[in-house]
Amino acid sequence: FGLAAVLVGCASPTLPLPPPSRPDVEGPDSQGMVTLRGNVQPGANVYGANLRTGEGVIQLGTGNDGAYTLVLAAQVDDELAVWYSVGTNQSATTVFRVPKP
């Protein structure tokens, strides 16, 4: 009976990862860089992209606390996107605008 329960559990679909919360945004600084800080699931890879420029950054492997810091070029009012992955599962994307400092 116990083995049957384990086999059924393996056949169930994987739940999607929730989107990340909107990160804390600092900048843009004098070099035109914006710093994004937030938390996702521990061990996740975190991705950030500037939707205006098409440029992006990746942080491979967050620590045990899931904290990440991404730095990318952006201007006030640019739309940025943040998402993460754990294994082969990817979260939905969180999109937001760079506020005035």
Exercise for the section: Report, by residue number, each residue of the range 16-70 that is within 17 Å of K100 (Cα to Cα) and hydroxyl-bearing (S, T, Y). Expected result: S30, T35
Practice task
Report those strands (runs of 3 or more DSSP E) wholly inside the chain carrying at least 2 residues which are touching an Asp or Glu at 6+ places or on another chain (Cβ under 8 Å) and modelled with pLDDT of 95 or more.
Solution key: 33-39, 45-50, 67-73, 94-97
Completion exercise
Pairs returned, first residue in the range 80-101 that is farther than 14 Å from A49 by Cβ, second residue that is charged (D, E, K, R), beta-carbon separation under 9 angstrom, 6 or more apart or interchain, are P99/D77; K100/D77; P101/E26; P101/D29
Exercise for the section: Please enumerate the residues belonging to the range 28-51 that are under 19 Å from V76 (Cα atoms), small (G, A, S), surrounded by fewer than 16 Cβ atoms within 10 Å (Cβ to Cβ) and in contact (Cβ under 8 Å) with a residue 12 or more places away in the chain. Expected result: G32
Handout entry: Scope the range 70-89; condition of a type outside the set (A, V, I, L, M, F, W, C) and exposed (fewer than 15 other Cβ atoms within 10 Å of the Cβ); matching residues
Key = Q75, D77, E79, G87, T88, N89
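The values are calculated or read from the model by the stated rules, or taken from the named source; none is laboratory data. If you're wondering where the values come from, they're calculated on a predicted model, not measured in any experiment. Glycine also receives a Cβ, built like all others from the backbone with ideal geometry; neighbour counts cover every protein chain displayed.
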